[in-house]
Amino acid sequence: MSTTAGGSNPEYVTARVRSRRAALFSDEEYRKLIRMGPAEIARFMEESEYETEINALGARHSGVDLIEYALNRNLAKHFDDLLDWAEGRLYDLIARYLRKFDAWNVKTVIRGIYSDTAREEVETDLIRAGEFSGRLLDQLLDAGSIEDVTELLDGTIFAEPLRDAYDEYEESGVLVPLENAVDRAFYEQLIEGLDVNEATQLYHEFLQAEIDFRNVRNALRLARSGADIDPSEYYIEGGRLFSAAELSSLAANPDELVQHLRDSPYGDDLSQALDELETAESLIEFERALEAALLEYSDRLGIVHPLSVAPVISYILAKEREVDNIRAIARGREAGLSEEEIEEELVIL
Amino acid sequence: MMETFSQIALQAEGAAPALEPTAAAALAVGLAAFGAGYAERGIGAAAMGAIAEDESLFVNGLILTVLPETLVILALVVVFLV
């Protein structure tokens, strides 16, 4: 397999990843969690995988915040481990996806500066899982203005797009251009320069699916909100589902968009979700179905190519889902939702 | 018996073979060891990963790691044949 070339070590990483994957919460445990209150969930987590984080943060936070920060910190720890283990080409492939968290951190810092939030509060919201070093993140936290942030990011993929978007931000005074620039930088580097061969073919397809789903989601949201925005402004290159022009015309007409999806290669995986979308008014259901479809897809990849980046990606997605699920349960309980309602919020395979 | 064969062959050709039988056998064992080493590289890496996550897998990991060593043992038989 070609991923073994160039000093990468998929055997080691996949062995560790498979073990950690097995340690994720099962259906059974979710069923228990749904019946618990926030304090009980925290206690349950203390006896599981999340012990260290809950203990470290328990003194400073409580309730749902404690759960949320512990989840983020645990996620960061595991994903940092992945980058620690991986070498060579495998590192490059994993880092592509994990830069998602760099994008998240950059956006969080910018938002913090924009809204004059205290350093500590921004810090707790960071997820230190991406490629940025701890030192860079600390410097970003200390930055006083958005220009400083851009300067600190020199040499990363985000510097150039941020600088380009800065004028627009000055003119309009809203953060949207900057946030779009960050997101776009992330999505464009996902596929860029990925040399496609037999083993990375599937990874390439997976990334395309990720971009396609993001485009679909954006198009649907725009179509539903009825806002007068050109969808092609939010279009991300690299997917295989539609071109910018196609997306613009389809976003205006949701029925055609659904039909287009049904005829696409994802049609089978999404058919149930599409049926629901046609009948239901809510986009939330559909977005959840997209996530489940992506998760299932990545699982299949891991079985087809056991010694490649695929199992790692499937673990990353599963872990993200777990964190989202636990957060949804905790927030749901706090808001007083019923057990059935919370269960609907979860993405479980 | 091999020796007599090769001696007959030698007499027929009247020249020394490029590779003596013992040298060829040594090469065979060496190549087999190389193959075993390559196989153990992947298994060893995976076993270390598994052991790092769960120490009770140490024995299993060790056994699986040295399994390709049988290749060398079988190749060693060649040495006794020549």
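The values are calculated or read from the model by the stated rules, or taken from the named source; none is laboratory data. Predicted, not measured: the structure shown is a model, and the values here were computed from it. Positions of Cβ are generated from backbone atoms using ideal geometry, with glycine treated the same way; all protein chains shown enter the neighbour counts. For accessibility, only protein heavy atoms count, side chains too; no ligands or nucleic acids. Shrake-Rupley method; radii C 1.70, N 1.55, O 1.52, S 1.80 Å.
Restricting to region A:319-330, name every residue that is over 11 Å from the mean Cα position of the chain (by Cα) and open to solvent by 10 Å² or more (accessible area, probe 1.4 Å).
Answer for region A:319-330, where residues must be over 11 Å from the mean Cα position of the chain (by Cα) and open to solvent by 10 Å² or more (accessible area, probe 1.4 Å): A:ARG327, A:ALA328.
Go through (1) more than 14 Å from every other protein chain (Cβ to nearest Cβ); (2) surrounded by 13 or more Cβ atoms within 10 Å (Cβ to Cβ); (3) out of contact with any Asp or Glu (no Cβ under 8 Å at 6 or more places or on another chain); (4) modelled with pLDDT of 90 or more and name the single condition B:VAL82 misses.
The number of the failed condition is (4).
Run down A:ASN105, A:ASN74, A:ASN55 and say which single residue is over 30 Å from A:GLU147 (Cβ atoms), under 22 Å from the mean Cα position of the chain (by Cα) and not hydrophobic (A, V, I, L, M, F, W, C).
Checking each option against the conditions leaves just A:ASN74.
Residues are listed down the side, and each one gets a yes or a no for (1) touching a strand residue (DSSP E or B) at 6+ places or on another chain (Cβ under 7 Å); (2) open to solvent by 70 Å² or more (accessible area, probe 1.4 Å); (3) not acidic (Asp, Glu):
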residue	(1), (2), (3)
A:PHE242	no, no, yes
A:GLU246	no, yes, no
A:PRO254	no, no, yes
A:HIS260	no, no, yes
A:TYR266	no, no, yes
A:ASP275	no, yes, no
A:PHE286	no, no, yes
A:GLU291	no, no, no
A:LEU294	no, no, yes
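State which residue is surrounded by the most Cβ atoms within 10 Å (Cβ to Cβ) when the search covers only region A:93-107 and only residues that are closer than 15 Å to A:ASN72 by Cβ and charged (D, E, K, R).
A:ASP102
Can you tell me which residue in region A:3-51 is nearest to A:GLU334 (Cα to Cα), limited to those that are part of a loop (DSSP other than H, G, I, E, B), open to solvent by less than 40 Å² (accessible area, probe 1.4 Å) and within 14 Å of chain B (Cβ to nearest Cβ)?
That would be A:LEU24.
For residues that are open to solvent by 60 Å² or more (accessible area, probe 1.4 Å) and farther than 26 Å from A:ALA86 by Cβ, scanning just region B:27-57, find the one that is nearest to the other protein chains (Cβ to nearest Cβ).
Out of the qualifying residues, it is B:PHE34.
Select from region A:133-163 the residues that are farther than 30 Å from A:GLU205 by Cα and either charged (D, E, K, R) or touching a Pro at 6+ places or on another chain (Cβ under 8 Å) (or both) and list them in ascending order.
Within region A:133-163, A:ARG135, A:ASP138, A:ASP142, A:GLU147, A:ASP148, A:GLU151, A:ASP154, A:ARG163 qualify.
Which of the residues spanning region A:108-118 are buried (at least 18 other Cβ atoms within 10 Å of the Cβ) and in contact (Cβ under 8 Å) with a residue 40 or more places away in the chain?
Answer for region A:108-118, where residues must be buried (at least 18 other Cβ atoms within 10 Å of the Cβ) and in contact (Cβ under 8 Å) with a residue 40 or more places away in the chain: A:VAL109, A:ILE110.
Residue by residue through region A:52-87, note down the ones that are closer than 22 Å to B:MET48 by Cα and open to solvent by less than 40 Å² (accessible area, probe 1.4 Å).
Scanning region A:52-87 gives A:HIS78, A:PHE79, A:ASP81, A:LEU82, A:LEU83, A:TRP85, A:ALA86.
Which condition does A:GLY155 not pass, out of (1) at positive phi; (2) open to solvent by less than 60 Å² (accessible area, probe 1.4 Å), if it passes all the others?
Condition not satisfied by A:GLY155: (2).
Output yes when any residue across region A:164-177 is surrounded by 17 or more Cβ atoms within 10 Å (Cβ to Cβ), under 21 Å from A:GLY130 (Cα atoms) and modelled with pLDDT of 80 or more, and no when none is.
No, region A:164-177 has no match at all.
If you go through region A:295-334 one residue at a time, how many are modelled with pLDDT of 85 or more and outside any helix (DSSP H, G or I)?
Qualifying residue count for the region: 0.
Can you tell me which residue within region B:64-73, out of those that are open to solvent by less than 90 Å² (accessible area, probe 1.4 Å) and part of a helix (DSSP H, G or I), is farthest from A:ARG21 (Cα to Cα)?
Filtering region B:64-73 for residues that are open to solvent by less than 90 Å² (accessible area, probe 1.4 Å) and part of a helix (DSSP H, G or I), the one farthest from A:ARG21 (Cα to Cα) comes out as B:VAL72.
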